[in-house]
Amino acid sequence: MEMRTTDVRKLRPEAWGFICPVHTPDGAPCGLLNHVTASCRIVTHYSDTRELPALLADLGMLSHKSIVFASDKEEYYPVLLDGRFLGYIPVKKAVSIERQLRCIKTVVEDTRVPCVAEVHLISFSYSAYVSLS
């Protein structure tokens, strides 16, 4: 039987400099988090997202005014950018729009979606843990 400890870990000198040496798992996956974080980039500036609302509108985002009287509001997901509400996207187009944003993000010459932007679709769920459904 494998036991997990909740004791505070000792930080050895070789662990300093990693992103999170305290949360590295014991046992078989030991060191996994350190290896995953080895290629991370630390962002020290705000990204220019001025072009993103227009791009989202081109991809199918609707304004609040356009669906305020719609009877099927559950057919739309809200769109947020840095905590600001921008509009709604139809549930049926959500996966496609997410994929397009991710593709645009990978094109270095295309500055409409910053390369460090977090693109995430949170699908509707009755589960208490949305990301695990």
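Just so it is clear, none of the values below were taken in a lab; they were calculated from the coordinates. What you see is a predicted model, and the numbers here were worked out from it, not measured in a lab. As a convention, Cβ positions derive from the backbone with ideal geometry for all residues, glycine included, and neighbour counts pool all protein chains shown.
Tabulated values for the structure
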item: Order of I104, I42 - criterion: other Cβ atoms within 10 Å of each residue's Cβ, fewest first; result: I42, I104
item: 5 angstrom amide H check on I89, placed H, neighbours 5+ away; result: L62, Y77, V79
